[in-house]
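Here the structure comes first, spelled out in structure tokens, and everything after it is commentary.
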Amino acid sequence: MKQKAQIKNILVIRSDRFGEFLLNLPALRALKEAYPKARLVLAVSPVVYDLAVMLEYVDEAVIWDEVKKNLRKYNFDLCVVLNPSKEAHLKCFLAAISVRVGYDRKWGFLLTKKIKDTKYLGNRHEVECNLELVGLADAHTQDKSISLRVSESFFPEFIGKKIIAIHPFTSDPVKQWPLDKFQELAGRIKDELKADVVLVGLSLNTLNMGGNVIDMTNKTNLPELAALLKRCSLLVSSDSGPVHLAAAVGTPVIALFRNDLPGKTARRWGPWGKGHIVIEKSNLNNIGVNEVFNKVKEVIS
């Protein structure tokens, strides 16, 4: 591998969903600490771009589908492919990037430094996996926190109020806590705890909770959602991206997980950091509203 002083331009590719993206923040920090004088370019999906430009230790955020056509012009010395794909490995190889780091799958033979991808075993957190990968590029950090700075100008109407956010949606039906239980939970929070409940998320589904909630579904982009979650005292959510967004802005999370699906449990995908609560069962139907409500009381007290 080149000496660190020879690394002038670094490409990092993470082109999937925003929850997975956020769990790479410590790895990005490690790269910037290891190569403070290098230009770090982060290639992401269009959905994640507005979050990527907010990162203080990223010099430039770009959309992968746009830059992959002509990577050579950037003169990258090092690339790290955080979510493996044949296309990413091939494009980095054809761009003659001398140090190519990633997982040994999906044409991993095109990489110069690689490790076996064992994330599917779910025996450690995704954050730890990402840090292990950038370690191949001699990048390490003592600060493994996930943090995201957001604008203080959004949602001034919520300042000083006790607000609990609920995100009842998930992209994977097997990870879905029943919607009627979310609805019952929202009603109890409003009636018994006298707190405002905000329904958040991006979803094709609709969920009518009547007068129990302030419905912000599909009404925020990701930076706005981050700012909204920061205004909240707590987020209650199924296993989904907003869990990690809330954790990144310092809002406590109660996350509902299944514990019988290797690679999909909270051990790999749970909220990262302190102050969060995970309720895990093999059957989400067996997580009762009262159990979740008691945890809500515990957190906001």
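We did not get these values from a lab; they are worked out from the coordinates using the rules stated. From a predicted model like this one, the values you see are computed outputs, not experimental measurements. Please note: Cβ atoms are built from the backbone with ideal geometry, for glycine as well, and neighbour counts cover all protein chains shown.
Observations, loosely collected:
- For segment 1-129, the relative contact order is 24 percent, taking Cα pairs closer than 8 Å that sit 6 or more residues apart in sequence and dividing their mean separation by the residue count.
- Sparsely packed trypsin sites (Lys or Arg not before Pro) within segment 239-301, loop by DSSP, other Cβ within 10 Å at most 11: Lys274
- Whole-number percent relative contact order across segment 110-204, with pairs defined as alpha carbons under 8 Å at least 6 apart: 24 percent
- When the Gaussian network model of the chain links Cα atoms closer than 10 Å, the mean-square fluctuations of Asp50, Asp59, Asp172 top out at Asp172.
- Among the listed pairs Lys37/Lys144; Lys32/Lys219; Lys144/Lys219; Lys119/Lys144; Lys68/Lys114, those with a Cα-Cα distance over 27 Å are Lys32/Lys219; Lys144/Lys219.
- Considering only Leu193, Leu131, Leu111, the mean-square fluctuation computed in a Gaussian network model of the chain, springs between alpha carbons under 10 angstrom, is largest for Leu193.
- Taking other C-beta atoms within 10 Å as the exposure proxy, Trp177, Trp107 rank Trp107, Trp177 from fewest upward.
- Within the chain, helix-based [θ] at 222 nm, where runs of 4 or more DSSP H residues each add -39,500 (n - 2.57), nearest 500: -8000 deg cm²/dmol
- Relative contact order for the chain, counting Cα pairs under 8 Å that sit 6 or more residues apart, in percent: 17 percent
- The H on the amide N of Asp239, modeled in the peptide plane, is under 5 Å from the matching H of Leu256, each at least 5 residues off or on a different chain.
- Applying the criteria of a DSSP loop state and at most 13 other Cβ atoms within 10 Å to the GluC sites (Glu not before Pro) of segment 48-113 yields Glu56.
- Charge tally around Leu225: other residues with Cβ under 12 Å, Lys/Arg +1 each, Asp/Glu -1 each, net +1.
- When the chain is treated as a Gaussian network with alpha carbon springs shorter than 10 Å, the biggest mean-square fluctuation among Arg29, Arg149, Arg14 belongs to Arg149.
- Separation of the Ala5 and Glu224 label points, Cα + 7 Å toward Cβ, nm: 5.0 nm
- About its Cα centre, the dipole of segment 4-135 is roughly 560 debye, where the only charges are +1 on Lys and Arg Cβ and -1 on Asp and Glu Cβ.
- Spacing of the two label points (7 Å from each Cα toward its C-beta) at Lys161 and Tyr57, in nm: 3.6 nm
- Charge context of Asp260, other residues only, Cβ under 11 angstrom, K/R +1, D/E -1: +2
- Of the residues Val47, Asn83, Leu202, the one whose Cα sits farthest towards the positive end of the charge dipole of the chain is Asn83 (charges of +1 on Lys and Arg Cβ, -1 on Asp and Glu Cβ, taken about the Cα centre).
- Taking the Cα centre of the chain as reference, the dipole from Cβ charges on Lys and Arg (+1) and Asp and Glu (-1) amounts to some 980 debye.
- The separation of segment 2-27 from segment 234-255, counted between C-alpha centres, amounts to 23 Å.
- For segment 93-145 and segment 154-176, distance of Cα centres in Å: 33 Å
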